Each structure stands twice: as C-alpha cells, then as structure tokens.
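Peer 1: Right, I'll just put the structure down here and ask away after.
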Amino acid sequence: MPFPSRFKHCPNCGAAVDYRVPPDDNRERAVCPGCGAIHYQNPLNVVGTLPVWEADGRVLLCRRAIEPRHGLWTLPAGFMELGETTAGGALRETQEEAGADVEMGPLYTLLNVVRVGQVHLFYRARLRSTAFDPGPESLEARLFHEAEIPWDEIAFKTTRETLHRFFDDRRRGQGFGPHEIDIA
Ligand code: ZN
C-alpha cells in the first residue's frame with residue numbers, strides 16, 4: 001500500500017488528476033486536467049511519546065480501538081496538526097489517547113517511514129500519575145514491564161523500534177538517544 005495519502009481527485013474542482021512531471025520540475029505531481037492546478041504532496045509528521053512511570057520503569061501503551069491495527073498496542077501518537085509544535089502535538093496525542101498526565105522530555109526517536117511518506121517523532125515523557133482515562137481511539141491504556149511487552153501484538157514498526165531502543169539504552173546505562181532510524 002504505497003503512499004496511501006496520494007489523492008486521486010483534484011481538491012479544487014474534483015476532476016481526476018494525472019500524475020506526471022510538470023515543466024521545470026523533476027518528479028511526478030498530481031496535475032489537474034480540469035483547472036490546471038499542480039498539487040504538491042509531502043511527507044506527514046506523526047508525533048507521540050514514550051511515557052515512563054519511573055518508580056518501577058514500566059512504559060505506557062495504548063490498545064487501539066480504531067483501524068488500522070484495531071486491538072493492537074501502540075505508544076500514544078498521531079498526526080501532527082497545523083498550529084502546533086511537534087512536542088505540543090505529542091503531548092496532545094498522549095492526553096487524547098491515554099488520558100495520561102505527563103511531563104514532556106527530550107526528543108528520543110526520529111523515524112523515516114519512506115514507504116508511506118511519513119516521519120514519526122517520539123519524545124520521552126515522565127508520567128506524573130498511573131491514573132489513565134483512554135479516549136475513544138483506545139480500548140485501554142496500561143503499564144508494561146519490559147518482560148510483559150506483547151511484542152507480537154505491537155501495531156507499528158515505529159513503536160516496536162522505539163521500545164527496543166529504549167530498553168537497550170536503559171540496559172547500557174549510557175544515556176538515551178536521540179536515534180535517527182530508517183524503517184525499511
Ligand atoms: Zn482541478
């Protein structure tokens with residue numbers, strides 16, 4: 001499912017677009033034969049957190065109540081909105097999906113998901129409480145020790161990779177990231 005966000009119809013006039021290289025350009029764009037508009041599409045940012053309850057080292061995961069990957073576990077994350085910063089969006093997603101009260105920490109992973117045209121950014125976050133209030137996008141939110149992580153039921157590679165790096169960093173005891181990772 002390459003580039004699922006590629007649109008088929010012109011947002012201006014509704015005509016079916018052609019994908020071709022416009023004059024003075026060097027790559028395919030969505031060109032509208034109806035109104036002549038050229039629509040440039042660029043990668044989207046997904047922002048989230050890696051929330052940790054420092055008293056015992058458990059991490060917070062949410063079980064998805066929506067497609068894709070309904071019923072699987074993920075770190076709280078979602079599409080960045082216009083008008084917010086990456087950290088602001090990560091905090092908002094954490095509040096919306098888990099109802100978690102966190103103190104934001106530094107950027108931890110930056111993951112290029114070239115195949116679907118996305119960049120995912122996860123921030124470390126310190127939980128202030130273990131009371132959660134999952135929103136409509138989550139079936140539940142709960143804490144996991146490393147040995148309890150349901151590795152076969154993790155929704156996204158970017159979550160799995162971020163968790164692996166975190167537990168590795170913690171074992172080494174030499175600080176945390178940031179890590180720049182290309183998802184194949
Ligand atoms: Zn058009």
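Peer 1: Please determine, by comparing only the residues of region 1-54 that are polar (S, T, N, Q) and more than 10 Å from the ligand (Cβ to nearest atom), which one is farthest from LEU91 (Cα to Cα).
Peer 2: It comes out as ASN26.
Peer 1: Please specify each residue of region 66-95 satisfying the condition of being of a type in the set (D, E, K, R) and over 21 Å from ILE154 (Cβ atoms).
Peer 2: Step one: of region 66-95, the residues of a type in the set (D, E, K, R) are 67, 69, 81, 84, 92-93.
GLU81, GLU84, ARG92, listed by residue number.
Peer 1: Oh, and also: Are any residues in region 144-184 of a type in the set (A, V, I, L, M, F, W, C) and over 21 Å from the mean Cα position of the chain (by Cα), and if so, which ones?
Peer 2: The one that is of a type in the set (A, V, I, L, M, F, W, C) and over 21 Å from the mean Cα position of the chain (by Cα): ALA147.
Peer 1: For region 132-184, how many residues meet the condition of being small (Gly, Ala, Ser) and more than 17 Å from ARG63 (Cβ to Cβ)?
Peer 2: Qualifying residue count for the region: 5.
Any read-out appearing in this document is the output of simple, stated calculations on the displayed coordinates, not a laboratory observation. For clarity, every value in this text was computed on a predicted model and none was experimentally measured. Neighbour counts are summed over all protein chains in view; Cβ atoms, including those assigned to glycine, are modelled from backbone coordinates with ideal geometry.
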